[in-house]
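The values are calculated or read from the model by the stated rules, or taken from the named source; none is laboratory data. Just so it is clear, the structure is predicted and the values come from calculations on it, not from any experiment. Just the protein is used for accessible areas: all its heavy atoms, side chains included, with ligands, DNA and RNA removed. Shrake-Rupley method; radii C 1.70, N 1.55, O 1.52, S 1.80 Å.
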Amino acid sequence: MPLYEHVFLARQDLAQAQVDALAETATNIIQSNGGQVVKTETWGLRSLAYRIQKNRKAHYVALDFEAPAPVVAELERQTQINEDVIRYMTVKVDAHEEGPSAMMRRGDRDRERGDRGDRGDRGGRGRDDDRGPRRPREDFDA
């Protein structure tokens, strides 16, 4: 069976339980039509690059699944009807990514970096720190 990745964006004012219910609905559509969901990832509430239907943020959810082609048509039809979903995209892939997706690894990497201890309290950015006080300009008569 062909492999697919389906990502949808849900409205920002939904609770996490409602977003999980949307993901469960998509999973049920796939499974009831003869497909199999391999992995479900919730990427969380993230800012959008531009406003979509007056939303500045959205809940991102990704599904990796394998299913016959008619399942994709039914999934997209049901997703399009749902007014809580503001955008969706389904892509056919050659192979599913092993382990967490790049979006999930990004969050892990940010947590590992911690509080940016190598920069301290961001000191050393002002002019008086290491160069001394500023001298008056010579070409300006005050």
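Computed on region 1-67, with alpha-carbon pairs under 8 angstrom and 6+ residues apart, the relative contact order is 51 percent. Taken per residue, the accessible surface of region 1-59 reaches 58 Å², heavy atoms only and a 1.4 Å probe. Length gained on full extension, M103 to N82, computed as 0.36 nm times the residue gap minus the Cα-Cα distance: 5.1 nm.
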